[in-house]
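The values are calculated or read from the model by the stated rules, or taken from the named source; none is laboratory data. Note that the coordinates shown come from a computational prediction; the quantities given were computed from them, not determined experimentally. Cβ placement follows ideal geometry from the backbone for every residue including glycine, while neighbour counts extend to all protein chains displayed. Side chains included, ligands, DNA and RNA excluded: accessible areas come from the protein's heavy atoms. Shrake-Rupley method; radii C 1.70, N 1.55, O 1.52, S 1.80 Å.
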Amino acid sequence: GLIDEVAIWDVALDSDAVEAIYNSGTPTALDADSGNYDNSGDLIAYWRFEEGTGTSAADSSDTGITGTLTNGPTWSSDVPS
């Protein structure tokens with residue numbers, strides 16, 4: 001399977017925040033509050049997987065926890081529609 005954008009918060013997101021993230025139809029920057037999404041301050045880690053190569057994923061949150069990719073993952077340039 002393909003994975004794109006993984007985020008971890010230190011709180012459970014309310015239904016408005018989840019809807020804003022997944023049903024808006026446009027990408028939501030999780031490191032900034034926007035509309036019904038107001039949990040950027042609760043974000044612990046946010047890997048967008050935009051590197052395209054290598055075995056690490058940069059953290060877009062304020063914590064800077066670099067993700068290490070193991071077991072030979074491959075990068076894809078597929079963009080979901």
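Scanning region 1-14 for residues that are of a type outside the set (A, V, I, L, M, F, W, C) and either within 22 Å of GLY64 (Cβ to Cβ) or open to solvent by 90 Å² or more (accessible area, probe 1.4 Å) (or both) yields GLY1, ASP4, GLU5, ASP10. Could you please let me know if GLU19 is open to solvent by 80 Å² or more (accessible area, probe 1.4 Å) and without any contact (Cβ under 8 Å) to a residue 60 or more places away in the chain? Yes; evaluated as a whole, the condition is true for this residue. Residues in region 57-73 that are open to solvent by less than 50 Å² (accessible area, probe 1.4 Å) and among the charged types (D, E, K, R): ASP59 alone. Residues in region 17-32 that are within 11 Å of GLU5 (Cβ to Cβ) and in a loop (DSSP other than H, G, I, E, B): PRO27, THR28, ALA29, LEU30. From the residues in region 34-48 that are open to solvent by 50 Å² or more (accessible area, probe 1.4 Å) and of a type outside the set (Lys, Arg), which one is nearest to GLU19 (Cα to Cα)? Within region 34-48, the match that is nearest to GLU19 (Cα to Cα) is ASN36.
In this structure, is GLY54 more than 20 Å from SER77 (Cα to Cα), surrounded by fewer than 13 Cβ atoms within 10 Å (Cβ to Cβ) and without any contact (Cβ under 8 Å) to a residue 24 or more places away in the chain?
Numbers: more than 20 Å from SER77 (Cα to Cα): no; surrounded by fewer than 13 Cβ atoms within 10 Å (Cβ to Cβ): yes; without any contact (Cβ under 8 Å) to a residue 24 or more places away in the chain: yes.
Against the criterion (more than 20 Å from SER77 (Cα to Cα), surrounded by fewer than 13 Cβ atoms within 10 Å (Cβ to Cβ) and without any contact (Cβ under 8 Å) to a residue 24 or more places away in the chain), GLY54 does not qualify.
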